[in-house]
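What follows is a single structure, written as structure tokens, with notes after it.
The values are calculated or read from the model by the stated rules, or taken from the named source; none is laboratory data. No experiment lies behind these values; they were computed from the predicted model shown. When we count neighbours, we look across all protein chains shown, and the Cβ atoms used for this are built from the backbone with ideal geometry, even at glycine. When the accessible area is computed, the model is the full protein with side chains, heavy atoms only, and any ligands, DNA or RNA have been set aside. Shrake-Rupley method; radii C 1.70, N 1.55, O 1.52, S 1.80 Å.
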Amino acid sequence: QVQLVESGGGLVQPGGSLRLSCVASGSISRLYGMGWYRQAPGKQRESVAVITSDGATNYADSVKGRFTVSRDNAKSTVYLQMNSLKPEDTAVYYCNADVRPIGALRAYAYWGQGTQVTVAS
């Protein structure tokens, strides 16, 4: 069993900041790429930011220059620092990780339960 648990969501005013965290735990043999996705009401889930095990990153155009993804491999944790937040950033944010469980021959994609981020005055 592999679990991803997010934390750090909440309500923030436009222009404010939030930091999301996601911890991977359980029967993990190897942790590969990790990332953040979001889904706003009535919209499809979209990729926000991803980071490889080596630290290479990729961002959605809509968040470039405002959001920063990072990870602590020793803690099996990925972070998303969100600055200059806009109302259009309002969504449920999901953590994703590619994990090879102990005893498995390949990696699988796992998802967290999601954390709500609301940007409003």
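Structure values in brief
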| read-out | value |
| --- | --- |
| Elements of type strands (runs of 3 or more DSSP E) in the range 65-105, at least 2 residues being touching an Asp or Glu at 6+ places or on another chain (Cβ under 8 Å) | 77-82, 91-101 |
| Lone qualifier among ALA74, ALA109, ALA97 - being open to solvent by less than 60 Å² (accessible area, probe 1.4 Å) and of a type in the set (A, V, I, L, M, F, W, C) | ALA97 |
| Residues of the range 40-64 satisfying the condition of being within 19 Å of VAL119 (Cβ to Cβ), assigned to a loop (DSSP other than H, G, I, E, B) and open to solvent by 40 Å² or more (accessible area, probe 1.4 Å) | PRO41, GLY42, LYS43, ARG45, ASP61, SER62, LYS64 |
| Filter result for SER84 (over 27 Å from GLY15 (Cα atoms), touching a residue at least 40 places away in the same chain (Cβ under 8 Å) and hydroxyl-bearing (Ser, Thr, Tyr)) | no |
| Residue in the range 19-32 that is farther than 24 Å from LEU105 by Cα and either out of contact with any strand residue (DSSP E or B) (no Cβ under 6 Å at 6 or more places or on another chain) or surrounded by fewer than 19 Cβ atoms within 10 Å (Cβ to Cβ) (or both) present | yes |
